1. How much length is gained on full extension from V204 to E57, taking 0.36 nm per residue of separation minus their Cα-Cα distance?
2. To the nearest 20 debye, what is the magnitude of the charge dipole of segment 352-453 about its Cα centre, counting +1 on the Cβ of each Lys and Arg and -1 on the Cβ of each Asp and Glu?
3. Peptides 380-388, 128-136: what's the order by average Cβ count within 10 Å, highest mean first?
4. Which of the lysines could a cross-linker span from K33 if the Cα-Cα distance has to be under 30 Å and same-chain partners fewer than 8 positions apart are dropped?
5. Say each of S156 and A418 gets a label point 7 Å from the Cα, pointing the same way as Cα to Cβ; how far apart are those two points in nm?
6. Between T139 and S430, what is the FRET efficiency for a Förster distance of 60 Å, r being their Cβ-Cβ separation, to the nearest 0.05?
7. Among the listed pairs K198/K239; K405/K452; K140/K383, give every one whose C-alpha distance is greater than 32 Å.
8. Note down the nm distance, to one decimal, between modelled labels 7 Å out along Cα→Cβ at E115 and at A352.
Amino acid sequence: MKPKKHAKSGAGVDFQIEGPELTRAVVVHVERKSRAEAKATDRDAQSKLAEAMGLAEAIDLDIVDTVVAPLLAPKPATYIGSGKVAEIAKRVADAEAELVVVNAQLSPVQQRNLETEWKAKVLDRTGLILEIFGRRASTKEGILQVELAHLNYQKSRLVRSWTHLERQRGGFGFIGGPGESQLEMDRRLIQERISKIKRELETVVKTRDLHRKGRERVPFPIVALVGYTNAGKSTLFNKLTSANVLARDLLFATLDPTMRNLTLPSGRTIILSDTVGFISELPTTLIASFRATLEEVLAADIILHVRDVSHDETEAQSHDVNLVLEELGIHEDRRSQIIEVWNKADLLDPLALATREAQAQRRDDCVLVSSLDGQGIDELLEKIEKRLAKKSTVYEIMVDAADGKGMAWLHQRGEVLARKAYADGRTKLSVRFDADTAGQAQSKFGKAMKAKA
């Protein structure tokens, strides 16, 4: 019996369709043996293979076999050695697999040669992540960003079929299947589509810029959540803001940025932003395509780096996130903006929990929390307030009754905390400013402005 699959119509209405049996797949992890060439992580081959399997399962593949392929040096024609290619060909045939997922970046030539050798479709790491992103994108912006990354990937592969997002099963059609509308696209058609998407995304960037300038006029600090995919960012976001953002044990559950106001215990308002999850060796095409979204991270006053400390590879995942942050332009001089949120404390055994608690207490840049049961949330909010307090000062400013423009300026450029009206028409305001705006206010109001004790 064919399993039923859930899908969405163009109007966003859920319905069920009869789908084929799940695609049978073999997952191959290529383990670089040369330490000089390998990335500086402590991840072993089995954990990397497990992550690749998780990515494959995220697009509902039926994993029928797995292989670890050691590699001293890439082969120009097939990336991995001929002996391993032959071994995998036999395993693919024995398992009657239709698809081979290779956990490495393949050139178009290598991909084509491996498909010939294995008599099956081949999906490399970039293609696999793009397929997941294609299924997860829901807003117009997210769809455009993923399609741009996908087309840049396809452009180097000359003419390969791709599929409209409107097709029934989501994703981008690397795998293929019934119910799909296939189009053969040459370089010219791809480039035309890329140019059109870039123009549309420029509009998105301009809109974001206007929104950002609007927030500057009502200067609530921005706090952005970043972290490895599935670290619990969206669950934490929901816990803090009582929002209803998709939060599931799902890789790349969040692609589209979500922003909500959050009132801190002191009464101060901040804007909290949830972002796309990172992953090791995140394709550069994806980073470039999602730059409009990730600019929210660059504009943030505080960055919350959410880590799953219950994961065996939490240190390696943290390293990978920091690499992406570096690529985005968040260098060492901005590290003081980052607070590490050690999430999923509820999954730690008593000994590991005690160890993590002791480590967190010795540092002022991290806090141990559980997004599920609320452990450590109050301490996290306190740390956010302390960081923001270092960057801003509260001033008392006396405004004359006739100075309507001055009053409007203070409401636009500062955070008005309190006001007191006097019988002569003057008003005393308590206003919080960051350092730059405080200097502008001092020039404007002079002796009528003084720092609050």
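Nothing in this text is a laboratory measurement; each read-out follows from the coordinates by a stated rule. On a predicted model such as this, the values are computed, not experimentally measured, just so you know. All Cβ positions, even for glycine, are placed from backbone atoms using ideal geometry, and neighbour counts span all protein chains on display.
1. Residue separation times 0.36 nm, minus the Cα-Cα distance, leaves 49.7 nm.
2. On the way: 19 positive and 15 negative charges, 98 e Å.
That gives a dipole near 460 debye.
3. Values: 380-388: 17.6, 128-136: 23.7.
The packing order, highest mean first, is 128-136, 380-388.
4. K48, K75, K84, K90, K119, K121
5. Calculated label separation equals 6.0 nm.
6. Working: r = 39 Å, r/R0 = 0.65.
Given R0 = 60 Å and the Cβ-Cβ separation, E is 0.95.
7. Values: K198/K239 35 Å; K405/K452 23 Å; K140/K383 35 Å.
From the list (K198/K239; K405/K452; K140/K383), the Cα-Cα distance tops 32 Å for K198/K239; K140/K383.
8. Each label point lies 7 Å from its Cα, and together they span 4.1 nm.
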